[in-house]
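The values are calculated or read from the model by the stated rules, or taken from the named source; none is laboratory data. Given the structure is predicted, the values throughout are model-derived calculations rather than measurements. As a convention, Cβ positions derive from the backbone with ideal geometry for all residues, glycine included, and neighbour counts pool all protein chains shown. The protein model used for the area step is the full one, side chains on, heavy atoms only, and it has no ligands, DNA or RNA in it. Shrake-Rupley method; radii C 1.70, N 1.55, O 1.52, S 1.80 Å.
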Amino acid sequence: DIISYNNILNLYATRGDVDSAEAMLNHLEESENGITADVYSYSTVMKTIQRRFLSKQGGDRSIKDPKRAEELLARLVRKYEESGFTDARLCPTAVTFGTVLSLYAAADRLMKENLQMNQSRSWLTRNAERSSQLIISDAEYLGWGAENAERVLEWIIGISERERRSRDKAGSTETNHHTVSSDSNHDNFIRPSVQHFVTAADAWAKARRGVEGAERCERLKKRNLSLFESTGYSELKPNLLL
């Protein structure tokens, strides 16, 4: 069953074996034996990508990894939307979204490390021309992770609103038919959280973009306050970190 597959995916995650984990997920998506991937399957593969990307060795690190994880999340979200937001097995969690946000948020810091590493290597090899090219290439990416983290945050907010409207519409239809939905209290559905805002703001705070980073942080704080006031979601209650 899917628990068996997810156990093996966890083993791949422990090893940081992204290729094998993705191959198994693809197999589950294409399988005709009735066993299909669930939110834990996707989350585990995304965690595998995250583990490799954040690894101190960084030998296999690729700046494409955050996008790779986001594509997996998009596949999961698409399946959940196609179910009419009703298949709980496919409902992304705050952690699922947080994994992609964290990957993008870490990207600028890792690019900074790469920049310093490239400078050291070029000094050791006395290859000034190569150093100049690498510094320009890396510096252009500073803030790239923060930009994408904020974009993913807005995506989460949009998905949450679509699900809320879908459930409200379904609840209204069922009420007209004199029935009450078992999940009409909306306790279990996608919601952005203050931690998502903290992750995006922290990315801007460390993106080496000066005043622009500070302004982006303040904008995120105001966005969080506005959403908390308009939705009343306890998950959005501002905290000291933000």
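Across every direction, the projection of the convex hull enclosing the Cα atoms of segment 1-48 has a mean area of 2.7 nm². Where the centre of each part is set by its Cα atoms, how far does segment 1-80 sit from segment 192-214, in angstrom? One Cα centre to the other: 27 Å. Among all the lysines, which ones have a C-alpha under 29 Å from Lys64's C-alpha, if same-chain residues fewer than 8 places away are not counted? Result set, ordered by chain and number: Lys47, Lys56, Lys79, Lys112, Lys206, Lys221. For Glu81 and Asn10, a Förster radius of 25 Å and the Cβ-Cβ distance give a FRET efficiency of 0.40, rounded to the nearest 0.05. Counting heavy atoms of the protein chains alone, Ile2 has an accessible area of about 40 Å² for a 1.4 Å probe.
Taking every protein chain into account, the 1.4 Å probe leaves His27 with about 90 Å² of accessible area, to the nearest ten.
Between Lys64 and Leu240, the FRET efficiency estimated from the beta carbon spacing at R0 = 35 angstrom works out to 0.50.
Counted residue by residue at 0.36 nm each, then reduced by the alpha carbon distance between them, the extension gain from Lys222 to Ile35 reaches 62.9 nm.
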